[in-house]
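The values are calculated or read from the model by the stated rules, or taken from the named source; none is laboratory data. These numbers come from a predicted model, not from an experiment. Don't worry about glycine lacking a Cβ; one is built from the backbone with ideal geometry, like all the others, and counts go over all protein chains shown. Side chains are part of the model used for accessible areas, which takes the heavy atoms of the whole protein and leaves out ligands, DNA and RNA. Shrake-Rupley method; radii C 1.70, N 1.55, O 1.52, S 1.80 Å.
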Amino acid sequence: MKQNILIVDDEKSIVTLLNFNIEKAGFQTDVAYDGAEAIKKAEANDYDLIILDLMLPEMDGMEVCKYLRNNKIDTPILMLTAKDEEFDKVLGLELGADDYLTKPFSPKEVIARMKAILRRSNKEKKSSYSSLKIGELTVYPERYEAEIGEKVVTFTRKEFELLHYLANNKGKVISRDQLLSGVWDYDFVGDTRIVDVHVSHLRDKIEPDTKKPKYIKTVRGLGYKLEEPAT
(Lines give C-alpha, C1' and ligand atoms only; values in the text may rest on other atoms or scores of the structure.)
Protein backbone atom coordinates (compact mmCIF):
# COMPACT_ATOMS: atom_id res chain seq x y z
CA MET A 1 0.00 0.00 0.00
CA LYS A 2 1.36 3.42 -0.98
CA GLN A 3 2.31 5.84 1.78
CA ASN A 4 0.04 8.90 1.84
CA ILE A 5 1.56 12.41 1.91
CA LEU A 6 -0.34 15.63 2.63
CA ILE A 7 1.12 18.65 0.79
CA VAL A 8 0.18 22.01 2.38
CA ASP A 9 1.14 25.13 0.42
CA ASP A 10 -0.81 28.08 -1.01
CA GLU A 11 1.47 28.41 -4.06
CA LYS A 12 -0.12 26.24 -6.76
CA SER A 13 3.11 26.01 -8.77
CA ILE A 14 4.93 24.49 -5.80
CA VAL A 15 2.02 22.13 -5.09
CA THR A 16 2.07 20.98 -8.72
CA LEU A 17 5.84 20.43 -8.62
CA LEU A 18 5.72 18.50 -5.35
CA ASN A 19 2.65 16.53 -6.31
CA PHE A 20 4.18 15.34 -9.59
CA ASN A 21 7.56 14.36 -8.16
CA ILE A 22 6.23 12.74 -4.98
CA GLU A 23 3.75 10.60 -6.90
CA LYS A 24 6.50 9.75 -9.41
CA ALA A 25 8.57 8.50 -6.45
CA GLY A 26 5.78 6.04 -5.59
CA PHE A 27 3.75 7.88 -2.98
CA GLN A 28 0.08 8.86 -2.86
CA THR A 29 -0.66 12.56 -2.29
CA ASP A 30 -3.36 14.86 -0.99
CA VAL A 31 -3.34 18.67 -1.01
CA ALA A 32 -4.41 21.55 1.25
CA TYR A 33 -3.98 25.23 0.35
CA ASP A 34 -4.34 26.87 3.77
CA GLY A 35 -3.81 26.10 7.44
CA ALA A 36 -7.46 25.52 8.32
CA GLU A 37 -7.89 23.03 5.48
CA ALA A 38 -4.67 21.28 6.51
CA ILE A 39 -5.95 20.76 10.05
CA LYS A 40 -9.32 19.51 8.81
CA LYS A 41 -7.66 16.95 6.51
CA ALA A 42 -5.05 15.88 9.10
CA GLU A 43 -7.82 15.18 11.62
CA ALA A 44 -9.91 13.22 9.11
CA ASN A 45 -7.16 11.15 7.44
CA ASP A 46 -4.25 8.97 8.45
CA TYR A 47 -1.27 10.46 6.60
CA ASP A 48 2.26 9.07 6.75
CA LEU A 49 3.84 12.53 6.46
CA ILE A 50 2.82 16.19 6.10
CA ILE A 51 4.81 18.67 4.00
CA LEU A 52 3.86 21.99 5.57
CA ASP A 53 4.67 25.49 4.27
CA LEU A 54 5.46 28.07 6.94
CA MET A 55 3.56 31.00 5.36
CA LEU A 56 -0.08 30.06 4.86
CA PRO A 57 -3.43 31.87 4.83
CA GLU A 58 -5.85 31.32 7.72
CA MET A 59 -3.17 29.83 10.02
CA ASP A 60 0.58 29.76 9.45
CA GLY A 61 2.63 26.58 9.52
CA MET A 62 3.77 27.11 13.12
CA GLU A 63 0.17 27.40 14.33
CA VAL A 64 -0.85 24.31 12.35
CA CYS A 65 2.07 22.33 13.74
CA LYS A 66 1.32 23.42 17.31
CA TYR A 67 -2.38 22.60 16.94
CA LEU A 68 -1.72 19.11 15.57
CA ARG A 69 0.77 18.23 18.31
CA ASN A 70 -1.47 19.64 21.07
CA ASN A 71 -4.28 17.45 19.74
CA LYS A 72 -2.13 14.30 19.72
CA ILE A 73 -1.76 14.09 15.94
CA ASP A 74 1.80 12.81 15.65
CA THR A 75 2.11 12.56 11.87
CA PRO A 76 5.71 13.49 10.91
CA ILE A 77 6.03 17.05 9.56
CA LEU A 78 8.52 18.46 7.05
CA MET A 79 8.36 22.27 7.28
CA LEU A 80 9.01 24.41 4.18
CA THR A 81 10.37 27.96 4.53
CA ALA A 82 11.56 30.67 2.14
CA LYS A 83 15.04 32.15 2.50
CA ASP A 84 13.66 35.62 3.25
CA GLU A 85 11.23 34.37 5.91
CA GLU A 86 12.08 34.67 9.57
CA PHE A 87 12.11 31.13 10.90
CA ASP A 88 13.46 29.98 14.23
CA LYS A 89 14.33 26.36 13.50
CA VAL A 90 14.63 25.58 17.20
CA LEU A 91 11.11 26.88 17.84
CA GLY A 92 9.73 25.05 14.80
CA LEU A 93 11.28 21.77 15.86
CA GLU A 94 10.32 22.37 19.47
CA LEU A 95 6.68 22.72 18.41
CA GLY A 96 6.86 19.31 16.78
CA ALA A 97 8.20 19.61 13.23
CA ASP A 98 10.54 16.75 12.36
CA ASP A 99 12.67 18.60 9.81
CA TYR A 100 12.67 21.74 7.70
CA LEU A 101 13.72 22.63 4.18
CA THR A 102 14.46 26.09 2.75
CA LYS A 103 13.05 27.23 -0.60
CA PRO A 104 14.10 27.06 -3.35
CA PHE A 105 14.70 23.32 -3.18
CA SER A 106 15.09 20.51 -5.65
CA PRO A 107 12.43 17.78 -5.81
CA LYS A 108 15.17 15.20 -5.22
CA GLU A 109 16.06 16.90 -1.92
CA VAL A 110 12.43 16.87 -0.81
CA ILE A 111 12.12 13.15 -1.59
CA ALA A 112 15.39 12.42 0.25
CA ARG A 113 14.22 14.30 3.37
CA MET A 114 10.82 12.59 3.22
CA LYS A 115 12.39 9.14 3.03
CA ALA A 116 14.73 9.89 5.94
CA ILE A 117 11.80 10.99 8.13
CA LEU A 118 9.69 7.99 7.10
CA ARG A 119 12.56 5.57 7.78
CA ARG A 120 12.86 6.93 11.29
CA SER A 121 9.10 6.81 11.81
CA ASN A 122 8.98 3.17 10.67
CA LYS A 123 11.86 2.25 13.00
CA GLU A 124 9.93 3.71 15.92
CA LYS A 125 6.83 1.69 15.02
CA LYS A 126 8.87 -1.51 14.86
CA SER A 127 10.83 -0.85 18.06
CA SER A 128 10.19 -2.82 21.22
CA TYR A 129 7.18 -1.78 23.25
CA SER A 130 8.66 -3.06 26.51
CA SER A 131 8.53 -0.56 29.35
CA LEU A 132 11.82 0.76 30.72
CA LYS A 133 12.31 1.37 34.43
CA ILE A 134 14.94 3.69 35.92
CA GLY A 135 14.48 4.37 39.63
CA GLU A 136 10.92 5.55 40.13
CA LEU A 137 10.69 6.49 36.43
CA THR A 138 8.92 4.05 34.12
CA VAL A 139 8.88 4.79 30.38
CA TYR A 140 6.05 3.34 28.25
CA PRO A 141 6.98 3.49 24.52
CA GLU A 142 3.59 2.28 23.31
CA ARG A 143 1.79 5.07 25.19
CA TYR A 144 4.28 7.91 24.63
CA GLU A 145 4.19 8.64 28.33
CA ALA A 146 5.98 7.84 31.56
CA GLU A 147 5.24 7.50 35.24
CA ILE A 148 7.11 8.91 38.21
CA GLY A 149 5.93 6.70 41.03
CA GLU A 150 2.17 6.71 40.41
CA LYS A 151 2.06 10.08 38.61
CA VAL A 152 1.50 9.89 34.84
CA VAL A 153 3.66 12.30 32.82
CA THR A 154 2.86 13.25 29.22
CA PHE A 155 5.25 14.67 26.63
CA THR A 156 5.42 16.15 23.17
CA ARG A 157 6.49 13.64 20.55
CA LYS A 158 10.10 14.80 20.43
CA GLU A 159 10.39 15.10 24.20
CA PHE A 160 9.32 11.49 24.51
CA GLU A 161 11.60 10.29 21.71
CA LEU A 162 14.53 11.98 23.47
CA LEU A 163 13.59 10.41 26.79
CA HIS A 164 13.17 6.99 25.17
CA TYR A 165 16.54 7.30 23.41
CA LEU A 166 18.31 8.22 26.65
CA ALA A 167 16.51 5.42 28.53
CA ASN A 168 17.54 2.88 25.89
CA ASN A 169 21.14 4.02 26.45
CA LYS A 170 20.90 4.16 30.24
CA GLY A 171 24.22 4.95 31.89
CA LYS A 172 25.92 5.94 28.63
CA VAL A 173 27.15 9.47 27.92
CA ILE A 174 25.49 10.63 24.69
CA SER A 175 26.83 13.72 22.92
CA ARG A 176 24.51 16.43 21.66
CA ASP A 177 25.46 15.58 18.08
CA GLN A 178 24.59 11.93 18.71
CA LEU A 179 21.22 12.99 20.09
CA LEU A 180 20.57 15.21 17.07
CA SER A 181 21.33 12.27 14.80
CA GLY A 182 19.50 9.65 16.86
CA VAL A 183 16.36 11.61 17.75
CA TRP A 184 16.04 14.21 14.98
CA ASP A 185 17.84 12.20 12.27
CA TYR A 186 19.39 15.38 10.92
CA ASP A 187 22.67 17.30 11.11
CA PHE A 188 22.13 20.90 12.24
CA VAL A 189 25.77 21.84 11.64
CA GLY A 190 26.70 22.17 15.27
CA ASP A 191 23.51 23.97 16.38
CA THR A 192 22.64 21.89 19.44
CA ARG A 193 20.27 24.33 21.18
CA ILE A 194 17.32 22.12 20.29
CA VAL A 195 18.79 19.30 22.41
CA ASP A 196 19.36 21.56 25.41
CA VAL A 197 15.83 22.98 25.15
CA HIS A 198 14.27 19.51 25.11
CA VAL A 199 16.46 18.26 27.98
CA SER A 200 15.32 21.28 29.99
CA HIS A 201 11.69 20.40 29.26
CA LEU A 202 12.24 16.78 30.27
CA ARG A 203 13.81 17.84 33.54
CA ASP A 204 10.85 20.10 34.28
CA LYS A 205 8.60 17.06 33.95
CA ILE A 206 10.56 14.25 35.62
CA GLU A 207 13.05 15.79 38.04
CA PRO A 208 12.04 16.55 41.65
CA ASP A 209 14.63 19.37 41.63
CA THR A 210 15.70 20.67 38.23
CA LYS A 211 18.72 22.43 39.77
CA LYS A 212 19.97 19.08 41.10
CA PRO A 213 18.79 16.53 38.51
CA LYS A 214 19.00 12.92 39.61
CA TYR A 215 17.96 11.26 36.33
CA ILE A 216 19.31 13.26 33.38
CA LYS A 217 22.86 14.33 34.19
CA THR A 218 24.95 16.82 32.25
CA VAL A 219 28.46 15.56 31.57
CA ARG A 220 30.36 18.79 31.02
CA GLY A 221 32.03 19.01 27.63
CA LEU A 222 30.55 15.69 26.50
CA GLY A 223 26.75 15.57 26.61
CA TYR A 224 24.03 13.94 28.70
CA LYS A 225 23.27 10.61 30.31
CA LEU A 226 20.22 9.15 31.96
CA GLU A 227 21.10 7.02 34.99
CA GLU A 228 19.69 5.30 38.03
CA PRO A 229 19.34 7.90 40.80
CA ALA A 230 21.68 7.53 43.75
CA THR A 231 20.03 5.99 46.78
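Here are a few things to note about the model shown:
- Prolate/oblate/rounded label for segment 1-118 (Cα gyration tensor, a/c 1.5): rounded
- In segment 130-202, GluC sites (Glu not before Pro) in a DSSP loop with at most 13 other beta-carbon atoms within 10 Å: GLU142, GLU150
- Size of electric dipole in the chain: Cβ of Lys, Arg +1 and of Asp, Glu -1, about Cα centre, debye, nearest 20: 1100
- Straight-distance crosslink candidates among aspartates and glutamates, where the alpha carbon sits under 13 Å from LYS108 and sequence neighbours closer than 8 are dropped: GLU23
- Computed from Cα atoms, the angle from the helix 157-168 axis to the main principal axis of the chain rounds to 40 degrees.
- Cα lying deepest toward the dipole's positive end in the chain, options ILE14, VAL195, LEU137, charges on Cβ: LEU137
- Degrees, to the nearest 10: 61-70 long Cα axis against longest axis of the chain: 50
- Solvent-accessible surface of the chain, averaged per residue with a 1.4 angstrom probe and all protein chains in place: 52 square angstrom.
- Qualifying trypsin sites (Lys or Arg not before Pro) for segment 1-82 [loop in DSSP, other Cβ within 10 Å: at most 15]: LYS2, LYS72
- Stretching GLU43 away from GLU228 to a fully extended chain increases their span by 62.7 nm, per 0.36 nm per residue minus the current alpha-carbon distance.
- Once the Cα atoms are used to define both axes, helix 107-126 deviates from the longest principal axis of the chain by about 40 degrees.
- Cross-link pairs exceeding 30 Å in C-alpha to C-alpha distance, out of LYS151/LYS212; LYS2/LYS151; LYS41/LYS205; LYS158/LYS211, comprise LYS2/LYS151; LYS41/LYS205.
- Ligands, DNA and RNA left out, the 1.4 Å accessible surface of the chain is 48% carbon and sulfur atoms.
- For segment 27-70, the fraction of alpha-carbon pairs in successive 5 Å shells from zero, as %: 5, 24, 37, 24, 9, 1
- Whole-percent P(r), the chain, all Cα pairs, 5 Å bins from 0: 1, 6, 14, 18, 18, 15, 11, 8, 5, 2, 1, 0, 0.
- Shape call, segment 1-65: gyration tensor on alpha carbons, a/c limit 1.5: oblate
- Cα centroid of segment 19-89 to Cα centroid of segment 194-229, whole Å: 32
- Legend: calculated FRET efficiency, ASN168 to THR192, from the Cβ-Cβ distance at R0 = 25 Å, rounded to 0.05, equals 0.80.
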